[in-house]
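Novice: For reference, the structure I am asking about is given below.
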Amino acid sequence: MGSLEQHGYHLPLHTDVIIAEKLAGLLAGRIDAIVAPAVNYGYKSQPNSGGGPLFPGTIDLNGETLLYFLKDIICEFAKDGVKEIFVCNGHFENEAFLVEAVDLATQEYPNTNVILASWWDHIKKDVVEKVFDEVEFPGWALEHAAIVESSLMMYFEPTLVHMDRFVEEEKYIPGLYHSYPVRKGIVPESGVLATARTSSVEKGKILTECIVDAYAHICKRTFAQQ
Ligand SMILES: [Zn+2]
């Protein structure tokens, strides 16, 4: 599950899709699974965590649309006899709607076991420390188009990363409330909420290995219980 969302000047709009798809492919190799086509759109990017509707190119789904999109897909796989499904999420704001989709789908198909995981939740503390060796970790909500996503993209799709276009912004402190309609100027102009400086292919590799290990472990433990 991904999104079509601005990722600053240096990363492509479909960054979340690429990362989710690549991680799913590596996981599939570890647990003998197949990868379904990715969902290229996601729930609305929020002004405080991704810039939201302020940026052209961010093409969002309403929550209800995303919920039933994933629910329908899970139900179709379940109908075809698939008993184990891993939903790999690559977009922060998708989470609540994906949980609801999985819940509703498995109420209809209780014999299908579904795991839902967002990759950033599976990065161990020591890996975070290695990745943020020079820069302070800003928290996952602000790690948008920043060091982690940029490093993963350098590792997965280096030709789509243009670090020469990266603009260092002043430190962004997000609001602790939502205010609508969304007004310009609440997030940095480039759309990047924390620095991407010090991103590297090596960091992308360390992050990937940590996430795929964790995913494989979860699958082996959860799917084995059936
Ligand atoms: Zn992203």
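Novice: Over the stretch 20-86, what is the relative contact order in percent, taking alpha-carbon pairs closer than 8 angstrom and at least six residues apart?
Specialist: On the way: 37 pairs, mean separation 13.3, N = 67.
Averaging sequence separation for qualifying contacts and normalising by length gives 20 percent for the stretch 20-86.
Novice: Right, another one. In debye, nearest 20, what is the charge dipole magnitude of the stretch 1-84 about its Cα centre with +1 on Lys and Arg Cβ and -1 on Asp and Glu Cβ, if you could check?
Specialist: On the way: 6 positive and 10 negative charges, 25 e Å.
Charge dipole, the stretch 1-84, about its Cα centre: 120 debye, nearest 20.
Novice: Something else about it: Projected onto the charge dipole of the stretch 15-223 (+1 at Lys/Arg Cβ, -1 at Asp/Glu Cβ, origin at the Cα centre), which of Met153, Trp119, Phe166 gives the Cα projection farthest towards the positive end?
Specialist: Of the options given, the answer is Trp119.
Novice: Please check: in the Gaussian network model of the chain (C-alpha springs, under 10 Å), which one of Ile206, Ile173, Ile59 has the largest mean-square fluctuation.
Specialist: Ile173
Novice: Let me ask you something else. Any idea what angle helix 201-223 forms with the longest principal axis of the chain, computed on alpha-carbon atoms, 0 to 90 degrees, nearest 10?
Specialist: Tilt of helix 201-223: around 20 degrees.
Novice: Helix 95-108 against the longest principal axis of the chain: what's the angle in degrees, Cα atoms only, rounded to the nearest 10?
Specialist: Roughly 10 degrees, rounded to the nearest 10.
Novice: Let me ask you something else. If the only charges are +1 at each Lys and Arg Cβ and -1 at each Asp and Glu Cβ, what is the size of the charge dipole of the stretch 61-142 around the Cα centre, to the nearest 20 debye? Working shown, then result.
Specialist: On the way: 6 positive and 16 negative charges, 53 e Å.
With Lys and Arg at +1 and Asp and Glu at -1, about 260 debye.
Novice: In terms of modelled amide H atoms, which long-range or inter-chain residues lie less than 5 Å from the amide H of Leu4?
Specialist: Placed amide hydrogens put Gly42, Ile59 under 5 Å from Leu4.
Novice: Where is the GNM fluctuation largest for the chain (alpha-carbon springs, 10 angstrom cutoff): Tyr43, Tyr109, Tyr177?
Specialist: Checking each option, the largest mean-square fluctuation is seen for Tyr177.
Novice: For the chain, what does the alpha-carbon gyration tensor say about shape, rounded, prolate or oblate, given a ≥ b ≥ c as the root eigenvalues, a/c under 1.5 as rounded, and a/b over b/c as prolate?
Specialist: In terms of gyration-tensor shape, oblate.
Novice: Quick one: Karplus J couplings for the stretch 191-199, per residue in order, coefficients 6.51, -1.76, 1.60, θ = phi - 60°, nearest Hz, x for Gly and Pro?
Specialist: Result, ordered by residue: x, 8, 9, 8, 5, 9, 4, 6, 5 Hz.
Novice: If you don't mind, there's one more thing I want to ask. When we measure straight from the Cα of Lys83, which lysines land under 25 angstrom away, once same-chain ones fewer than 8 places off are left out?
Specialist: The reachable lysines, counting only those whose Cα sits under 25 Å from Lys83, are Lys22, Lys71, Lys220.
Novice: For Met1, Met154, Met163, what ranking results if the residue with the fewest other Cβ atoms within 10 Å of its Cβ goes first? List each step's numbers first, then the result.
Specialist: Working: Met1 29, Met154 21, Met163 14.
Least to most surrounded, the residues fall as Met163, Met154, Met1.
Novice: Of Gly139, Gly90, Gly42, which is the most mobile in a GNM of the chain whose springs link Cα atoms less than 10 angstrom apart?
Specialist: Per the Cα network of the chain with a 10 Å cutoff, Gly139 tops the list.
Novice: Still on this structure: I need the phi-derived Karplus couplings for the stretch 12-26: 6.51 cos²θ - 1.76 cosθ + 1.60, θ = phi - 60°, integer Hz, Gly and Pro marked x.
Specialist: In residue order, the calculated couplings are x, 4, 9, 3, 4, 5, 4, 4, 4, 5, 5, 5, 4, x, 5 Hz.
Novice: Normalising by the residue count of the stretch 15-223, find the relative contact order in percent from Cα pairs under 8 Å and 6+ residues apart.
Specialist: Working: 278 pairs, mean separation 55.1, N = 209.
Reported relative contact order: 26 percent.
Readers should treat all values here as calculations from the given coordinates under stated rules, not as data from a laboratory. For clarity, every value in this text was computed on a predicted model and none was experimentally measured. When we count neighbours, we look across all protein chains shown, and the Cβ atoms used for this are built from the backbone with ideal geometry, even at glycine.
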